[in-house]
Amino acid sequence: MVNWIGIAAINLAIAVALGAFGAHSIKNMVNAQQLEWWHTATLYLFIHALGLLLVGILIRLNIATQTTAWLLQVGVIIFAGSLFAMTLGAPRWFGAVTPIGGVLMIAGWAWLAVTAFRLNNAT
């Protein structure tokens, strides 16, 4: 079984590092739009790392499934990763993959809801 709590902790550490990098190092090297992308990516990485931490705990309690965790993790990598990449100079068309990550994150949260309702109905 994948250690989602450990992966969430790594995601949180990365979010702190990238947030600090965005606040101190690249602030004067990019334009306002790029800085906004960086802030959005960092925010979503933080939120979904905390969510993944919760999901990891719920998996250990048999309340959530691996599917939820995978959807959240892959989604945030694609969503935040594409925004970080564009901030650092990737072509603007690279942003076309950003919504795919968003859809995967939405699907992850929706799958958690479905799982929770199914568990509630089974008891």
Test: residue in the range 80-87 that is over 21 Å from Ile7 (Cα atoms) and either touching a strand residue (DSSP E or B) at 6+ places or on another chain (Cβ under 8 Å) or modelled with pLDDT under 95 (or both): no
In the range 98-122, residue farthest from the chain's Cα centre (by Cα) [restricted to those that are surrounded by fewer than 16 Cβ atoms within 10 Å (Cβ to Cβ) and β-branched (Val, Ile, Thr)]: Val114
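Being of a type in the set (Val, Ile, Thr), over 23 Å from Thr40 (Cβ atoms) and without any contact (Cβ under 8 Å) to a residue 24 or more places away in the chain is the filter here; which residues of the range 62-121 pass it?
Step one: filter the range 62-121 for residues of a type in the set (Val, Ile, Thr), giving 63, 65, 67-68, 74, 76-78, 87, 97-98, 100, 103, 106, 114-115.
Checking the rest, the ones that are also over 23 Å from Thr40 (Cβ atoms) come to 63, 65, 67, 114-115.
Correct list: Val114 only.
Could you please find all residues in the range 1-57 being of a type in the set (Val, Ile, Thr), over 18 Å from Gly102 (Cα atoms) and assigned to a helix (DSSP H, G or I)? So that I can check it myself, show each step before the final result.
To start, the set of residues in the range 1-57 that are of a type in the set (Val, Ile, Thr) comprises 2, 5, 7, 10, 14, 16, 26, 30, 40, 42, 47, 55, 57.
Retained after the next criterion (residues that are over 18 Å from Gly102 (Cα atoms)): 2, 5, 7, 10, 14, 16, 26, 30, 57.
Once the filter is applied, which keeps residues that are of a type in the set (Val, Ile, Thr), over 18 Å from Gly102 (Cα atoms) and assigned to a helix (DSSP H, G or I), the range 1-57 yields Ile5, Ile7, Ile10, Ile14, Val16, Ile57.
The values are calculated or read from the model by the stated rules, or taken from the named source; none is laboratory data. None of these values were measured; they are calculated from a predicted model. FYI the Cβ positions are ideal-geometry reconstructions off the backbone, even for glycines, and counts take in every protein chain you see.
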